[in-house]
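Right, one structure below, let's go through it.
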Amino acid sequence: MTERHALACFLRGLALSLSKPYLAVSLWLIQLLLAAVLILPISNSLHDLLDNSVAGSRMVANPEFGWWETVQREHPDLFGNFGELAAGLLTPEGVKSSQLPGLRGIGATAVSLGFLAVVLHAFALGGVFGTLREPKASLVTLGREGMRRFPAFLLFTLAALAAAGAAYRWIYLETGEALRGRVANLDSEGKALAITALRLIALLLTLAAIKLVADSVRAVWVARPDLPPISRFFAGIASALGRPARLFGVLVSYAIVTAALYLIWLWLDPSAGGEARFALVPLILTQQVFVFVRLFVKVGYYAGVSEALTRAPSPEYSYVAAPSPAPAPPESPGEQPASQLRSRREESLGLP
Amino acid sequence: MPSAKACAIALAGLALPASGLAQSSPLTPPIASYDISCRLDTGKKAIEGTELLTWTNGTARPADTLQFHLYLNAFRNTRSTLWKESRGEGREGGRIPESWGSVELLRMTLQDNTDLLPTLSYISPDDGNPDDRTVAEVRLPRPVAPGETISVAIDFRSRLPRVALRTGYKGDFYLVAQWFPKLGVFQEPGWNCHQFHATSEFFSDFGNYDVSIDVPAFYKGKVGATGRQVEERLSSDRIVYRFRQASVHDFAWTADPAYLVVRDKFHEAGLRDVDLILLLQPEHSGQRERTLRAARAGISGYGRILGAYPYDTLTIVDPPWGARAAGGMEYPTLIAAGTSISAPAAVLSPEGVTVHEFGHQFFYGLLASNEFEEPYLDEGFNTYMTDRVLAATYGVNHEYLSIFGLRFPLGIDVHYPVDANRRYFAVASRDIHATKSWKFRDRRTYGAASYAHTALALATLERLLTTNVMDRALRLYADRWRFRHPTLGDFIATVNDTAGRDWTWYFNRTFFSSDDVDYAVEEVTSTPSKAPKGLFEKEGKLVEGLPPELAKTRGYDSVVTVTRRGGTALPVEILLRFEGGKTHRTLWDGEARWTRFTVSQGPRLLEAIVDPDEKILLDSDRFNNGRRAEGDARAAARWTSRTVFWVQNLLDFLTVAW
């Protein structure tokens, strides 16, 4: 048995993701279909506002500050306070649930889609984790595996979502509220920013822990069908607790690669400059290629988590060397020695 | 009680005429001059002081009372008018901390030692609030005759609140403003002395100030104030600074041991030299040049149009973190600006506030309008001028995204003056624009009407009059009313005199009204002309069929409908642009709710634009000002793709975290 480095796990996960491109394709399709709900309302509204407006020609290349302000003011039912909420998420004060009733129209639909995305995410993860363990799989496998594990995975996802919500409230919002007076009395803005950074780091670490525990539970749930559900659940948590550094390393690798992708995107900015840089169709294709690449990396992360939890390469993986020679056949068909069962468990999962 | 030393200084002051202590050459005859000695008690966050007020009745009527502003009493308790109106909300939106302030009168005597305190009463001329203590009145033993000068000696004790609204302390930082008993303005109708409101500023008479400030020695070199420092006296653990300034109507001072003191000089041919003193927080030291450049741009930009800044010094205060509510304020020759660690160069953060607060040296300082009753005369006029100076100096500002307190500029231009004043449009019709400051519906409409609406109304006027005429009007207004108390009527008269036409109608519609302005092109069609059908006369008979001269049709039939959606009618130009480059301009008086233009058998109409030169900056929706006959889907298609792309990313982010 060998302990692989986190980066190695992540890279192996990326390789696995590349070997099963239909996983990224399926995630991309799910996201595209979700976003498609908004295409028509957004498109219709924009065409209505811009097509015949003389300001439209100015807006081909660059956004206009005045246009956005005017749209929000003249059409409050289009977005409601969506922009305010999105910006609020990035402030030291954060966003409170009491602000949600201010959402309207496309803004409210976008948030509702977010909840639907979470549900579909649960389904997709069941499919992804299941498919990753199949030597030969296809899009059909993803659907089958996803549906098989949907109830359990939905529960895990909702539990993780609730935990993340609680973390946001109690680690970020409430600490901000409690420290408000003290922060205002600090002798420099730098210290105040440091306090915000500490709150943010605490929140991010907690969210990372929640995510890693949830992903470990999912991975173990798929890898250990031989265990009763409650054991699988706790085995998942134990796996996360047993290898926190390696799992965290995989997550950090994933975060770095994703952030790098966004930085490259923002640096290249294919949508800037109007038609002088990219015509509409190449622009859309570029955007979707970017999303697709990002989803490759995402699948790679989940495969990396599986790798990180596996002490030895999983025998199901086609690219892995064959397992050790088979033990002697059982004395009677259908009967397996206890030692063999244990051996397979140890191979597939590094239980403590 | 005031210290013996302070009393001695006050007594010495009683023996000297106030003008003798002040700047050698007052720029205007003093009405209310102050000789003050004060001592800061950092433990109690309090100031004990003595004040010698020398007041001349400049009106034609006798005065049998004196009325004083006691602004710090607004922070006395939650029953003050300030607390009631603000509902406990500070300038930056947060709660006002329960840190109380007050000013107590310990002695008030005339030069013949007549004690005035027994006649003191608190009055509430604005709202009748019996618990408000921000205006005090004393009865004089005999009326002060027109032209007569009296002296009043006052001992007072001021307790400072933690900074929440302009004045107070935070740690060792002090911005001491509205801190001493200050006389109201005596006018022909009587005293004009308003209470301290949540949305009002100040109004006082010009005079000469001579102020000695006694602070602990650790403030050595870290004290700034209105006027020029003329003396520094160090004892064992205390240090006394003395400042003098003639021909101003208020005095504020600041102290902070953390200040980084930067001195510079403004020099430009045709304008007066000015000593610049920048009191900067150390963590903002990287913004020193930006702030100084903005100050220089302000002195130059305002001076070129309104006449030179007449004082020798300008002190710029940078309040520390946690005391930003002291920033964005103006006092004679001293302004409180303010900035942040995160101030990217593309975002004109220290620049905007520095230019604006300097601009108040004109609109408030020299043109000392009544900020209570006509807040637009200082804030709005100054915002208009700020926008002009910023646009001329920096071009455009930029929108930014604030991420956990750090600002990141976005590639979105914010143009002066329209984009910078968009907050007006959101509340355009909620109040009559020319409203007394404390009678606005709320702080938001006060700000929108006083600052943004006035700036846009003046920018519109500039475009209607031409910049040259507007500049001449502003200069004449500044020359006529320098060191006086102008009103909007005075400005209107100045505009009329300069333009040679009566523009009162414009002010009636834009200031004394709550209506907004919005013109829109509702309809633009251009279709190939068709031959007429029906019965036509031929040789005296009605027959079916076209006469030959009508049978040949060519060109396009075009229809344009322009509507006035807003309540305010202003004359506007309408531009029709045809295929082949031909254009047609026409002026519409804008009085009716709509007008229609039809063109038969003309060239194909491409678009119609109302107000094509963008003169009517008060127009709340400029994006309906133009319409194309044929749609162009490019912008909408691109923005749809961009929006959907980011929605995809956002949805993915939502699913990554759990």
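Please treat every number below as a calculation from the coordinates, not as lab data. This is a predicted model, so every value here is computed, not measured. Positions of Cβ are backbone-derived with ideal geometry, glycine not excepted, and every protein chain shown enters the neighbour counts.
Table for the structure above
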| item | result |
| --- | --- |
| Percent RCO, i.e. relative contact order, over chain B, from Cα pairs under 8 Å lying at least 6 residues apart | 9 |
| Per-residue mean of C-beta atoms belonging to partner chains within 10 Å, peptide B:605-611 | 1 |
| Pairwise FRET efficiency - B:Ala493 versus B:Glu148, Cβ, R0 = 35 Å, nearest 0.05 | 0.65 |
| For the stretch B:596-611 versus the stretch B:105-123, the gap between their alpha-carbon centres in whole angstrom | 75 |
| Reference-scaled alpha-carbon Rg (2.2 N^0.38 Å with N residues) for the stretch A:7-310 | 1.13 |
| Net lengthening on full extension, A:His75/A:Ser97 (0.36 nm per residue, minus Cα-Cα) | 5.6 nm |
| Filtered trypsin sites (Lys or Arg not before Pro), the stretch B:87-121: DSSP coil and at most 16 other beta carbons within 10 Å | B:Arg87 |
| Within chain B: Cβ-based charge dipole about Cα centre, in debye rounded to nearest 20 (Lys, Arg +1; Asp, Glu -1) | 960 |
| For the protein assembly as shown, size of Cβ-based charge dipole, Lys and Arg +1, Asp and Glu -1, in debye | 2880 |
| Antiparallel %, DSSP beta bridges [both residues in the protein assembly as shown], to 5 | 85 |
| Selection from B:Ala629, B:Gln601, B:Ala551 lying farthest towards where the dipole of the stretch B:519-636 points positive, charges on Cβ | B:Ala551 |
| Using a Förster distance of 22 Å, the FRET efficiency for B:Glu614-B:Asn508 (Cβ separation, nearest 0.05) | 0.40 |
| Order of A:Thr70, B:Thr78 - criterion: other Cβ atoms within 10 Å of each residue's Cβ, fewest first | B:Thr78, A:Thr70 |
| Chain B - Debye-derived log10 I(q)/I(0), Cα point model, q = 0.07, 0.11 Å⁻¹ | -0.53, -1.12 |
| Value in Å of the Kirkwood radius, where the stretch B:237-287 supplies the Cα pairs that are averaged | 13.9 |
| At least 30 Å along the helix axis (C-alpha) and Kyte average at least 0.0, DSSP helices within chain A | A:21-50, A:105-132, A:189-223, A:244-268, A:280-309 |
| The stretch A:1-88: GluC sites (Glu not before Pro) falling in loop per DSSP and having at most 14 other Cβ within 10 Å | A:Glu3 |
| Calculated log₁₀ intensity ratio I(q)/I(0) where the Debye formula runs over C-alpha points of the stretch B:405-497, q = 0.12, 0.16, 0.19 Å⁻¹ | -0.51, -0.83, -1.02 |
| Farthest positive-ward along the protein assembly as shown dipole, Cα basis, beta-carbon charges - from A:Leu200, B:Val353, A:Asn185 | A:Leu200 |
| Where Rh is the Kirkwood radius over Cα pairs, Rg/Rh for the protein assembly as shown | 1.08 |
| Relative contact order for the stretch A:1-151, counting Cα pairs under 8 Å that sit 6 or more residues apart, in percent | 22 |
| Simple spin-label estimate for B:Arg95 and A:Val252 in nanometres, 7 Å along Cα-Cβ | 4.1 |
| Cβ-placed point charges (K, R +1; D, E -1), dipole of the stretch A:7-310 about Cα centre in debye, nearest 20 | 1340 |
| Spacing of the two label points (7 Å from each Cα toward its C-beta) at B:Thr586 and B:Ser429, in nm | 2.7 |
| Where labels lie 7 Å past Cα in the beta-carbon direction, separation of B:Asp64 and A:Ser19 in nm | 10.4 |
| For the stretch B:519-636: span of alpha carbons on each principal axis (Å, largest first) | 58, 35, 22 |
| Under 20 Å from the B:Asp515 label point (7 Å along Cα→beta-carbon), backbone N, the stretch B:404-444 | B:424-435 |
| Antiparallel bridges, percent of DSSP beta bridges restricted to chain B (to nearest 5) | 85 |
| Cβ-based charge dipole, the protein assembly as shown, positive-most Cα from A:Ala6, A:Ser97, B:Val647 | A:Ala6 |
| Over chain A: helical MRE at 222 nm, DSSP H runs n ≥ 4 each giving -39500 (n - 2.57), nearest 500 | -24000 deg cm²/dmol |
| Shielding by partners, peptide A:62-73 (average Cβ within 10 angstrom, other chains) | 6 |
| Estimated 222 nm signal from helices in chain B, with DSSP H stretches of n ≥ 4 weighted -39500 (n - 2.57), rounded to 500 | -6500 deg cm²/dmol |
| Estimated FRET transfer efficiency when R0 is 41 angstrom, pair B:Lys439-A:Ala260 (beta carbons, to 0.05) | 0.15 |
| Mean separation of Cα contacts under 8 Å (6+ apart) over length of the stretch B:519-636, as relative contact order % | 32 |
| Coil-residue GluC sites (Glu not before Pro) of the stretch B:96-201, DSSP, other Cβ within 10 Å capped at 15 | B:Glu98, B:Glu148 |
| Projected area averaged over orientations for the stretch A:1-77, convex hull of C-alpha atoms, nm² | 9.4 |
